[in-house]
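Notes follow the structure.
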Amino acid sequence: MTDTGEDAGDTLRIERDGAVLRVTFNRPARRNAMTWAMYDGLMDACTRVEDDPEIRVLVLRGAGGEAFVAGTDIEQFGEFVGGAAGVEYERRMSGMLDRLAGVRVPTVAVVTGYCIGAGLALAASCDLRIASHGSRFGVPIARTVGNCLSAATVALLVDHLGPGRTLDLLLRARLLDTDEAAAAGFLTEVCAQDEVDATANALVERLLGHAPLTMWAAKEAVRRIRAARVPDDSDLIHRVYDSADFRAGVRAFVAKERPTWTGR
């Protein structure tokens, strides 16, 4: 039986399904682009997992089949004033991703379609990832908005994809297809679109049968290793988010125009 329980609103569904908590990003018309309220709701879901010892697995997925998450809703960046706002945002994102990675139970990202920007970071912060054929993965901000990632998020991608492939994604602003993402070791399983639910359910059932503390210790060891390698990056973030290029990139993205970059 499913208990709809707590809910973060129409854009985020949080459902208790026995020992599983399922979070669905629910803005299919916007490819599930994340609002601040959706991020807050995801953090509430993480807290719910920590507060309920009966929850054994956390599953994230996107509604509509076209996207897992296609990044942060860019219109919100129009509120930013100066580089300090960018530093605050990236620190908030890093803290949120660390919170998701540090949840005591196994986390599974179920990807169908676009897994872009913040969506890629969310999926990378989960322990295991299932994707349907035809899904796409990347962070094309060098050709879209002109912002940057925190060092913590870059380190997360390097751990999954390696430095060469991470730089390839960021510098060429290209997207990996499902086969490339699987070959890089990023994906746990790949399946047909109509097999996603069955594949995800089989994985969840397997996790439910394993020793919780053994899985928690493995997760926590990996999280601590990653955290120990992250340098201070506030100067990098401040310069990029304080730039004319970033402001122009946000305006162009919202207006569906092509930005002109100046390097200033």
Point to revise | Among residues of the stretch 198-234, those that are aliphatic (A, V, I, L, M), crowded, with 16+ Cβ neighbours inside 10 Å and either over 19 Å from the mean Cα position of the chain (by Cα) or not in a helix (DSSP H, G or I) (or both), counted | key: 5
Check your understanding: Residues Val196, Val240: which one is over 15 Å from Val108 (Cα atoms) and β-branched (Val, Ile, Thr)?
Key -> Val240
Check your understanding: Is there any pair linking a residue in the stretch 168-197 that is surrounded by 14 or more Cβ atoms within 10 Å (Cβ to Cβ) and hydroxyl-bearing (Ser, Thr, Tyr) to one that is assigned to a helix (DSSP H, G or I) and at pLDDT 95 or above, with Cβ under 8 Å and at least six apart or on different chains, and which?
Key -> Thr188/Leu203
Study note, to complete from the structure: Within the stretch 34-72, the count of residues that are β-branched (Val, Ile, Thr) and under 15 Å from the mean Cα position of the chain (by Cα) comes to 4
Study note, to complete from the structure: Just one listed residue, out of Arg174, Arg165, Arg104, Arg92, is in contact with an Asp or Glu (Cβ under 9 Å, 6 or more places away or on another chain) and not in a loop (DSSP other than H, G, I, E, B), and it is Arg165
Practice item. Please indicate, with yes or no, whether at least one residue in the stretch 66-80 is exposed (fewer than 14 other Cβ atoms within 10 Å of the Cβ), over 19 Å from Val111 (Cβ atoms) and either hydroxyl-bearing (Ser, Thr, Tyr) or touching a residue at least 12 places away in the same chain (Cβ under 8 Å) (or both). Key: yes
Review point. Which pairs do you get when a residue that is in contact (Cβ under 8 Å) with a residue 40 or more places away in the chain, found in the stretch 83-112, comes within reach of a residue that is among the acidic types (Asp, Glu) and surrounded by fewer than 16 Cβ atoms within 10 Å (Cβ to Cβ), reach meaning Cβ atoms under 8 angstrom, with the pair 6+ apart or on two chains?
Key: Ala85/Glu79; Gly102/Glu220; Val103/Glu50; Arg104/Glu50; Thr112/Glu66
Practice item. Only one of these is closer than 17 Å to Ile116 by Cα and either modelled with pLDDT under 95 or surrounded by 17 or more Cβ atoms within 10 Å (Cβ to Cβ) (or both): Arg22, Arg56, Arg13, Arg27. Name it. Key: Arg27
Practice item. Identify, from the list Val23, Val81, Val59, Val87, the residue that is β-branched (Val, Ile, Thr) and part of a helix (DSSP H, G or I). Key: Val87
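The values are calculated or read from the model by the stated rules, or taken from the named source; none is laboratory data. Since the structure is predicted, the reported quantities are computational estimates derived from the model, not experimental observations. We place every Cβ from the backbone using ideal geometry, glycine too, and count neighbours over all the protein chains shown.
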